[in-house]
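Just so it is clear, none of the values below were taken in a lab; they were calculated from the coordinates. From a predicted model like this one, the values you see are computed outputs, not experimental measurements. Here the Cβ is made from the backbone with ideal geometry for all residues, glycine too, and neighbour counts use every protein chain on show.
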Amino acid sequence: MTIPPPYEPPASPNGPKPTDGSGQQPPQPPRPPQPPRPQQPPQYAAPQPPQAGGLQQPQYGAPGQYGQPPQQPPQPPQYGGPQGYGQPSGPLGASDPDDLTLPLYGATIKQAVVRWLKNYVNFSGRASRSEFWWVMLVNAVISFVLSVLTGVGSRTEVSTVRVGDQLMTTQQSVPGPFGIAVTVILVLYSLAVLLPTLGLVWRRFHDTDKSGAFYFLSLIPFAGGIIVIVLLALDSKPEGARFDRR
């Protein structure tokens, strides 16, 4: 029987490896760590020369699509700050000329006269400046016209009086029948408008936030009438509402 030859491992390309006596290879020493490779700088593409024929037109994308503008929410109503109680912003007047419980500011001459006649003897409430001065103007015009007519209807009488050895001639105006009639009308008119006019003056003082008793200042000689006229010309005051009829 033929015995095969023992197996021979192939020779290493680096040459035969040393072995110890037991036929095993000795331990290999550890390899030193490899140093890291340096990173290569980034590569930039070479700049492209401009195309012949001029500069290249910039490329724009398609225009964006815009939606509908957002609807603004409705704004809540703005309210002013609360006003202090007892401090009205202005005098409260009547919106209807037939309302006699409140003064009518900016009244016309017709409205003033009608309201004056309806408030015949009324000492409560208020009267605006327009109501007061229109009525005063109408009364002054009527009184002036009647006084002129009284003079027209009068006649002049001449009388001679002996004083000692001298004769003195006097002239006096004597109203004729027409003058007497006009005088009677003037007296009756003055009496008829006395209380209504006094009530109007009273209410006008109320509109200036003053008592109607200020009218009695007119009894002061000389200056009294001037003081009353100045007070009656004052502006209206909201506080005068305390004199309104309830």
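What does the charge dipole of the stretch 109-243 about its Cα centre add up to, to the nearest 20 debye, if the Cβ of each Lys and Arg holds +1 and the Cβ of each Asp and Glu holds -1?
440
Arrange Phe178, Phe222 by Cβ neighbour counts within 10 Å, fewest through most, would you?
Phe222, Phe178
Given contacts defined as C-alpha pairs under 8 Å and at least six residues apart, what's the relative contact order of the stretch 109-243, whole-number percent? Write out the running numbers ahead of the final one.
Details: 169 pairs, mean separation 38.9, N = 135.
For the stretch 109-243, the relative contact order is 29 percent.
Given Cα pairs under 8 Å that are at least 6 residues apart, what percent is the relative contact order of the stretch 130-183?
37
In terms of modelled amide H atoms, which long-range or inter-chain residues lie less than 5 Å from the amide H of Ser154?
Under 5 Å from the amide H of Ser154 lie the amide H atoms of Gly176, each far enough along the sequence or on another chain.
In a shell of Cβ-Cβ distance under 14 Å around Val114, excluding Val114 itself, what net charge do Lys and Arg (+1) and Asp and Glu (-1) give?
Numbers: positive: Lys110, Arg115, Lys118; negative: Asp96, Asp98, Asp99, Glu131.
Surrounding charge for Val114 is -1.
Towards the positive end of the charge dipole of the stretch 137-227, with charges on Cβ (+1 Lys, Arg; -1 Asp, Glu), say which of Ala213, Leu186, Gly224 has the farthest Cα.
My answer, from the dipole projection, is Ala213.
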